[in-house]
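First up is the structure itself, then whatever we jot down about it.
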Amino acid sequence: MAGALVVVGAYTFYDATTLRVGFGDPVGPRVFPYVIGAITVVLGLLLVLATLRGDTPQAEGGEDVDLRHPADWVTVLKLVGVLLFTVLTITFLGWAVSGALLFVGCAWSLGSRTLVRDVIVGVVLSVASWYFFHEGLGVILPAGILDGVL
């Protein structure tokens, strides 16, 4: 796990160097991958150090997970299906619709039975995040079938 963190962090840091940014942007989009990559490498190295010293985490007294029970693979498969659906439809449907369906699908997979509330929350979050990325950050997310409406 520690090695994987170091490799992923190093690749993230390297990949940030390949981003091409205009000269007028002092901060630019490279700052975030540099920070994330550096933090991931540092955490991976700290995990290596802790492992070599023999540190083991103590279980919390209030932990309510029973490790003797097997994983709920039906829920995992539902979540994978919802994520796959989102990946396959985001270009056509756009983020506002796909994001809302992602939220509703994940909530349903995890046991929510309040469909109306889930749809309302999903629509509000996906439209708000679309506007935040589009207007606030200048990152263009696909509008899909709502192109011209958003």
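The values are calculated or read from the model by the stated rules, or taken from the named source; none is laboratory data. What you see is a predicted model; the values in this text were computed from it and never measured. Positions of Cβ are generated from backbone atoms using ideal geometry, with glycine treated the same way; all protein chains shown enter the neighbour counts.
Residues that are over 30 Å from Pro29 (Cβ atoms), of a type in the set (S, T, N, Q) and either at pLDDT 95 or above or surrounded by 11 or more Cβ atoms within 10 Å (Cβ to Cβ) (or both): does region 88-97 have at least one? Within region 88-97, not a single residue is over 30 Å from Pro29 (Cβ atoms), of a type in the set (S, T, N, Q) and either at pLDDT 95 or above or surrounded by 11 or more Cβ atoms within 10 Å (Cβ to Cβ) (or both). Kindly evaluate Ala16 against the criterion of being aliphatic (A, V, I, L, M) and either part of a loop (DSSP other than H, G, I, E, B) or at pLDDT 90 or above (or both). No. In the set Thr40, Thr51, only one residue is out of contact with any strand residue (DSSP E or B) (no Cβ under 9 Å at 6 or more places or on another chain) and either farther than 30 Å from Phe133 by Cα or at pLDDT below 75 (or both); that residue is Thr51.
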